[in-house]
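Take this structure first; my questions come after.
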Amino acid sequence: MAESKSEADAGREQQLRLQMHLPPVYDYGAWVWHAGVEQGCNRLALWGVHGGALWLTSDHVAGKSHLLRTLACDLPCAALLTVHTDHGSAADSREMVQRWVHLLQPGSHWLIDVEAGAMPEQFAHALFHLLERARDLQRHVVVAWRGDADSLPPELSSRLRAMETVEMTPPADDDALLQILRASAGELQWDIRAQVLQAMLTYLPRQLDVLIFALNMLETNSFEQQHKPGPAWVKQQLMRIAGQLHSASV
């Protein structure tokens, strides 16, 4: 017996829609160029041809990890290592170096993306020995890390300072921030109106890490609450996020 219209409607209300994100695509066509990253991008493009040893750094979140992944996809001879310093804190430095070299050795150009912030001692020693192995194997190296070099063991600190420093800075204007937010929304497969992105710049600090975090929170809340991001809802969500950020900073 066919189910009634009300039963069918109730079934549709209970049925969860799928939240499927396509894997991010890292390529120069999707990369958002602005004044803060242009010099760094140009220098890394030359590094892909001529090699060398570079330290890619910044004072704030500026897209270093995204840039390294973009370069790894664009440069066939590159190998990428991502170091999460909060994982495997009990691991032996020698074991880490062996594992890292095994991963990187097929490439002639090594891209080493280290988690920002304080670096535990065993990771610092492992990174120093990895750089030594790179020199012995005549590999070209980029280390992306944001942190205080004075807090590192002297051997690693001096090694980083001996490398050519490539500085990146966050977007300096709203147009670049909006462009990055649009690109990030596209990675989430989310068709979001320009007014919503503009509201984010009104209610939140103009900091790339804060805005990307808020965009992901909006997308998650919109999905969980089955609510389209209208002006009133967006304002409410952004003010709540801003309050949480303020409380966390106090």
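The values are calculated or read from the model by the stated rules, or taken from the named source; none is laboratory data. Treat the numbers as computed from the prediction; the structure is a model and nothing was measured. Heads up, the Cβs are rebuilt from the backbone with ideal geometry, glycines too, and the neighbour counts pull from every protein chain shown.
Can you tell me which residue within segment 70-89, out of those that are in a helix (DSSP H, G or I) and surrounded by fewer than 18 Cβ atoms within 10 Å (Cβ to Cβ), is farthest from the chain's Cα centre (by Cα)? Explain how you work it out, then say what you get.
As a first pass, look at segment 70-89 and keep what is in a helix (DSSP H, G or I): 70-74.
Right, trim to surrounded by fewer than 18 Cβ atoms within 10 Å (Cβ to Cβ) and you get 73-74.
Working: Cys73: 15, Asp74: 17 Å.
Here the answer is Asp74.
Just one of (1) out of contact with any Lys or Arg (no Cβ under 9 Å at 6 or more places or on another chain); (2) surrounded by 19 or more Cβ atoms within 10 Å (Cβ to Cβ); (3) in the same structural domain as His60 (by TED's automatic domain parsing) trips up Arg135, so point out which.
Answer for Arg135: the failing condition is (2).
Which of the residues belonging to segment 188-232 are under 21 Å from Arg146 (Cβ atoms) and either among the basic types (Lys, Arg) or in contact with a strand residue (DSSP E or B) (Cβ under 8 Å, 6 or more places away or on another chain) (or both)?
Correct list: Arg206 only.
From Leu238, Leu197, Leu218, which residue is part of a helix (DSSP H, G or I), under 19 Å from the mean Cα position of the chain (by Cα) and crowded, with 16+ Cβ neighbours inside 10 Å? Steps first, answer last, please.
Details: Leu238 fails: under 19 Å from the mean Cα position of the chain (by Cα); Leu197 fails: under 19 Å from the mean Cα position of the chain (by Cα).
Residue meeting the stated conditions: Leu218.
Moving to a separate point now. Name every residue in segment 70-87 that is touching a Leu at 6+ places or on another chain (Cβ under 9 Å) and either modelled with pLDDT of 90 or more or under 23 Å from Ala124 (Cβ atoms) (or both), in order of residue number.
Matches in segment 70-87: Ala78, Ala79, Leu80, Leu81, Thr82, Val83.
What do you reckon, is Glu155 within 23 Å of the chain's Cα centre (by Cα), surrounded by fewer than 16 Cβ atoms within 10 Å (Cβ to Cβ), in the same structural domain as His109 (by TED's automatic domain parsing) and over 22 Å from Lys235 (Cα atoms)? Don't jump to the end; show me each part of the working.
Values: within 23 Å of the chain's Cα centre (by Cα): no; surrounded by fewer than 16 Cβ atoms within 10 Å (Cβ to Cβ): yes; in the same structural domain as His109 (by TED's automatic domain parsing): yes; over 22 Å from Lys235 (Cα atoms): yes.
The answer is no for Glu155.
Under 7 Å between Cβ atoms, which residue pairs at least 6 apart in sequence (or on different chains) link something in segment 140-168 that is in contact (Cβ under 8 Å) with a residue 12 or more places away in the chain with a partner that is part of a loop (DSSP other than H, G, I, E, B) and of a type in the set (Ser, Thr, Tyr)?
His140/Ser108
Might you check whether a residue that is touching a residue at least 60 places away in the same chain (Cβ under 8 Å), among the small types (Gly, Ala, Ser) and surrounded by 14 or more Cβ atoms within 10 Å (Cβ to Cβ) occurs anywhere in segment 100-120? Full working, then the answer.
Here is the first cut: in segment 100-120, the ones touching a residue at least 60 places away in the same chain (Cβ under 8 Å) are 109.
Next, only the ones that are among the small types (Gly, Ala, Ser) stay: none.
Scanning segment 100-120 turns up no residue that is touching a residue at least 60 places away in the same chain (Cβ under 8 Å), among the small types (Gly, Ala, Ser) and surrounded by 14 or more Cβ atoms within 10 Å (Cβ to Cβ).
Only one residue in Met163, Met119 is within 23 Å of Asp86 (Cα to Cα) and either aliphatic (A, V, I, L, M) or in contact with a strand residue (DSSP E or B) (Cβ under 8 Å, 6 or more places away or on another chain) (or both). Which one? Give the derivation first.
Values: Met163 fails: within 23 Å of Asp86 (Cα to Cα).
Only one candidate qualifies: Met119.
Hey, does segment 189-200 have a residue that's touching a residue at least 60 places away in the same chain (Cβ under 8 Å) and over 23 Å from Ser58 (Cα atoms)? Let's see the steps before the verdict.
Of the residues in segment 189-200, the ones touching a residue at least 60 places away in the same chain (Cβ under 8 Å) are 189.
Checking which are over 23 Å from Ser58 (Cα atoms) leaves us with 189.
For segment 189-200, residues touching a residue at least 60 places away in the same chain (Cβ under 8 Å) and over 23 Å from Ser58 (Cα atoms): present.
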